[in-house]
1. Residues that are of a type outside the set (A, V, I, L, M) and open to solvent by 20 Å² or more (accessible area, probe 1.4 Å): find the strands (runs of 3 or more DSSP E) completely inside the stretch 1-100 holding 1 or more of those.
2. Test G110 against the criterion of being within 21 Å of A185 (Cβ to Cβ), at pLDDT 95 or above and not hydrophobic (A, V, I, L, M, F, W, C), and give yes or no.
3. Looking at the stretch 112-136 only, could you name the residues that are aliphatic (A, V, I, L, M) and open to solvent by 10 Å² or more (accessible area, probe 1.4 Å)?
4. Please list, ordered by first then second residue, the pairs with beta carbon atoms under 8 Å, 6 or more apart or interchain, first in the stretch 112-131 and over 11 Å from C161 (Cα atoms) and of a type in the set (K, R), second open to solvent by less than 20 Å² (accessible area, probe 1.4 Å) and in a helix (DSSP H, G or I).
5. State which residue pairs qualify: first residue at pLDDT below 95 and inside the stretch 148-167, second residue of a type in the set (V, I, T) and open to solvent by less than 60 Å² (accessible area, probe 1.4 Å) in any location, beta carbons under 8 Å apart, and separation of 6 or more residues or different chains.
6. Name, by its number, the condition in (1) within 21 Å of D62 (Cα to Cα); (2) not in a helix (DSSP H, G or I) that does not hold for C215.
7. Being under 19 Å from S17 (Cβ atoms), in contact with a helix residue (DSSP H, G or I) (Cβ under 6 Å, 6 or more places away or on another chain) and not in a loop (DSSP other than H, G, I, E, B) is the filter here, so list the residues in the stretch 175-206 that pass it.
8. Name the residue that is surrounded by the most Cβ atoms within 10 Å (Cβ to Cβ), counting only residues in the stretch 165-183 that are among the aliphatic types (A, V, I, L, M) and over 18 Å from L8 (Cβ atoms).
Amino acid sequence: MKIAPSLLSCDFSKMGSEIERMDKAGADWMHLDVMDGHFVPNITFGAPVYKTVRKYSDKPYDVHLMITDPLKYIDDFANAGADIITFHVECDSPIDETIEKIKSRGIKVGLVIKPKTPASAVFPYLDKLDLVLVMTVEPGFGGQSFMADMLPKVTQIKDECKKRGLDLLVEADGGIGEGTIAQAAAAGVDVCVAGTAVFKADDAAQAIEKLKSLCK
C-alpha cells in the first residue's frame, strides 16, 4: 500500500515545510488537489503555487485536477513538475485528447470517478491509463466520512483489468484513516490518499506506519 498525504489538509502558510515533514515521515507520493470552484464547490491552488513547492520533495507528485476543463491546464502542471496527473471522467474536456496530452508530456495519467459515477465509465480508457482514482467522498472538501459503498467499484476495476491483462494502480481518496484503510486494502486499493489522518497526527511517521501495517 502506498500512502499519499493530501496537501489539502496541510497548513497552507507553510506548505513547503509540510511537504518536507511528510517526506521524512515516509510518504510515498504527495497528493495535490486542484479545485476551480466550478467543477467542485471549493478553490485551492493552481500551477504557480505548485511550482514553488515542487522542490521540497523528490517523491512523485500526484496532481488531482478537480476542474471543468483540465485539457487547458495540462502544460501548466507539466511545466510545474507533476509526475502523475489525474482528471475526472465527468469533466468537459475530451477524455481521449486529454489523456494523450498528458502522455505526450511524459507524465503518468489517471482517470477519477465521483461517487455517483459507475466504475464502467472508465472501462473504455483502461488500456491508456496508469491508474484509476475512486473517490470515497464527494470531491471538494477534506475531513469527510469514508463511503465504504464505493469499494465495490475498486473490485470491478481490478477485475476488468485482470480480464484484459492490464496492470493499473487503483487509488482511493476520501475519509481514509485507521478505521477505514483495511477495508480499502481488502478491496484491492493500491494507493490511499490520506489527509487528516497524517497531517493532524501527533507523529506523522507513526501514523503512516500504522496505516500501512493495518493493510497487511
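The values are calculated or read from the model by the stated rules, or taken from the named source; none is laboratory data. All values derive from a computational prediction rather than experimental measurement. So basically every Cβ, Gly included, is an ideal-geometry build from the backbone, and we count neighbours across all protein chains shown. Just so you know, the surface numbers come from the protein's heavy atoms only, side chains and all, with ligands and any DNA or RNA stripped out. Shrake-Rupley method; radii C 1.70, N 1.55, O 1.52, S 1.80 Å.
1. 2-5
2. yes
3. A121, L129, listed by residue number.
4. Listed pairs, sorted by first residue: K128/I99.
5. A148/T136; A148/T180
6. All conditions are met except number (1).
7. T196, V198, F199, A204
8. V170
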